[in-house]
Amino acid sequence: QVQFVESGGGLVQPGGSLRLSCAASGSIFNFYVMGWYRQAPGKQRELVARFTSGGNTNYADSVKGRFTISRDNAKKMVYLQMNSLKPEDTAVYYCNQYPTAIGPWGQGTQVTVSS
């Protein structure tokens, strides 16, 4: 069964940076169209960044120009580089396949942007 383990979150000041990592299991990881999602308190989970089936990337308007998604298929890893962080980026961040999640959602990694 596929599993995702997110890490790299923490407390950062506005304007700071973090790099999130997602470790995936599963023998066909290379074929997963992966995305990063986030869920803020009291809000629904939303997609923030993803790959397209053609290998390009797509970002939510709220993070465009600040976040970068990347992957290393050999290591079965997906990354999210987050720069110029804002308080509204505070959320628990998850990785999973897009558009349909597969397997259980991981525990996520908490990102808190605050001075």
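What to note about this one:
- In the set (1) touching a residue at least 24 places away in the same chain (Cβ under 8 Å); (2) part of a loop (DSSP other than H, G, I, E, B); (3) surrounded by 15 or more Cβ atoms within 10 Å (Cβ to Cβ), Ala101 fails one condition alone, (1).
- Hits in the range 3-33 - residues which are more than 20 Å from Thr52 (Cβ to Cβ) and β-branched (Val, Ile, Thr): Val5, Val12
- Look at (1) among the hydrophobic types (A, V, I, L, M, F, W, C); (2) within 13 Å of the chain's Cα centre (by Cα); (3) at pLDDT below 95 and you find that Leu47 fails only one, number (3).
- Of all the listed residues (Gly26, Gly15), the sole one being at positive phi, exposed (fewer than 14 other Cβ atoms within 10 Å of the Cβ), more than 11 Å from the chain's Cα centre (by Cα) and part of a loop (DSSP other than H, G, I, E, B) is Gly15.
- Selection count where residues are open to solvent by 60 Å² or more (accessible area, probe 1.4 Å) and either touching a helix residue (DSSP H, G or I) at 6+ places or on another chain (Cβ under 9 Å) or among the charged types (D, E, K, R) (or both), scope the range 75-93: 4
- If you go through the range 31-46 and pick out every residue that is open to solvent by less than 60 Å² (accessible area, probe 1.4 Å) and part of a strand (DSSP E or B), you end up with 5.
- Complete set of residues in the range 1-12 that are in a strand (DSSP E or B) and either polar (S, T, N, Q) or open to solvent by 40 Å² or more (accessible area, probe 1.4 Å) (or both): Val5, Ser7, Leu11
- Ala49 vs. criteria assigned to a strand (DSSP E or B) and open to solvent by less than 20 Å² (accessible area, probe 1.4 Å): yes
- Among (1) open to solvent by 80 Å² or more (accessible area, probe 1.4 Å); (2) closer than 18 Å to Ser21 by Cα; (3) at pLDDT 95 or above; (4) outside any strand (DSSP E or B), the one test that Gln110 misses: (4)
The values are calculated or read from the model by the stated rules, or taken from the named source; none is laboratory data. Since we're looking at a predicted model, the values are computed, not measured. Ideal geometry is used to build each Cβ from the backbone, glycine not excepted, and the neighbour counts take in all protein chains shown. The area values use the complete protein model at the heavy-atom level, side chains included, leaving out ligands, DNA and RNA. Shrake-Rupley method; radii C 1.70, N 1.55, O 1.52, S 1.80 Å.
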